[in-house]
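**Student:** Submitted below is the structure of interest, expressed as structure tokens.
Nothing in this text is a laboratory measurement; each read-out follows from the coordinates by a stated rule. Just so you know, these numbers come straight off a predicted model, no measurement behind them. Quick reminder, even Gly has a Cβ in these numbers, built from the backbone with ideal geometry, and neighbours come from all protein chains shown.
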Amino acid sequence: MAQEANNKMNELIARALSDEALKAKLIEDPLNVFKAEGIDVPAGLEIKVLENTDKVFHLVLPAQPSELSDEDLDQVAGGIVVQCDVSNW
């Protein structure tokens, strides 16, 4: 299920990069764009879309992890790592 949502989000990002109207809508109202694309968003979750430029780079810090029990840690699997190319800085 999470992989399907990741795939949908990656497809949305790719389309937004080539469609200025979609990109503007995604930046302005991401929650409704996600819903229209069939990407489930948990109730109460706020989504902010930022765009890097040649002059601005956004560094997003992950949420502070909560303490997990050993049993919870056994259930944790994987994650997402996003790399960026900073070679042209």
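**Student:** Going by average Cβ density within 10 Å per residue, which order do the peptides 35-45, 11-21, 50-60 take, highest to lowest?
**Tutor:** Top to bottom by mean Cβ count within 10 Å: 11-21, 35-45, 50-60.
**Student:** Here's something else I'd like to know. On a straight-distance basis, which lysines could pair with LYS55 in a cross-link, Cα separation under 25 angstrom, same-chain partners fewer than 8 positions away excluded?
**Tutor:** Answer for LYS55, where 25 Å is the Cα cut-off: LYS23, LYS25, listed by chain and number.
**Student:** Along the charge dipole of the range 2-75, Cβ charges K/R +1 and D/E -1, which of GLN3, GLN64, ASN52 sits furthest on the positive end?
**Tutor:** Value computed over the given set: ASN52.
**Student:** Another question, then. Determine the dipole magnitude for the range 2-75: charges of +1 sit on the beta-carbon of Lys and Arg, -1 on that of Asp and Glu, nothing else is charged, the reference point is the Cα centre, and the result goes in debye to the nearest 20.
**Tutor:** Using only the charged Cβ atoms, the result is roughly 540 debye.
**Student:** Principal axes first, then extents: for the Cα atoms of the range 2-75, list largest minus smallest coordinate on each axis, whole Å, largest first.
**Tutor:** Ordered largest first, the range 2-75 gives principal extents of 46, 31, 22 Å.
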